[in-house]
Amino acid sequence: MKILLSLACCLLAALLAGCAPGVASSTSLPDSGSPASVSQPVGEAASASEPAASETPEWTDEAVAELFLAQEQNERRTVLDCAAVPDGGEELVGVVLYAEPEHTDVRLAFLSSDGTFQPMGLEATPADPSGLTYLGEGKFRLDLLDENGAPSGQVITFRRDGAETFFAMEPEE
């Protein structure tokens, strides 16, 4: 009976320790591999005692790339370029141009603040440098190589309507 009571106490203590609020710190070392180690965007409150800002935090390109790579499924992917979405348009924090080892095409990841993203495959080769920039209102600019190997500017529009996501790509004017 004592053994059973001891095991129950140990299990309860372990459960309580795992569920304690405020244990994870957003200032842990970047190489810890946990999503809590992702750096906060510029302007986001660093302390739980500070009131939440009513304005949208400003993300940097570096914070966007770090958030993307912090997700376990993205560890094998190669970030080619990224662009922050400082105005939070379409509830995005940024877009990441990336390559996967098993695919010949490249992809864009339209990234939300929780690290989830909507991918878009491109059947084209990006220019080097890619010229990936955010234009505002869910629009991005990217240079892709045309059939002659010359850079060609493209405008990609990302839009959400409820649970549906829409992409449009057209040549830059």
Peptides 117-125, 147-155, 91-99, 66-74 ordered by average Cβ neighbours within 10 Å, highest first = 91-99, 66-74, 117-125, 147-155
query = FRET efficiency for Thr165 and Thr133, Cβ-Cβ distance as r, R0 = 22 Å, nearest 0.05?
reply = 0.60
note = Cα extents of segment 56-171 per principal axis, largest first, Å, are 42, 30, 26
query = So what is Rg over Rh here for segment 128-173, counting just Cα atoms and using Kirkwood for Rh?
reply = 1.06
key: segment 56-171, relative contact order in percent, only Cα pairs under 8 angstrom and at least six apart counted   = 17
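Quick note: the coordinates plus some simple rules give every number you see, no bench work behind them. As the structure is a prediction and not an experimental result, all values here were calculated from the model. All Cβ positions, even for glycine, are placed from backbone atoms using ideal geometry, and neighbour counts span all protein chains on display.
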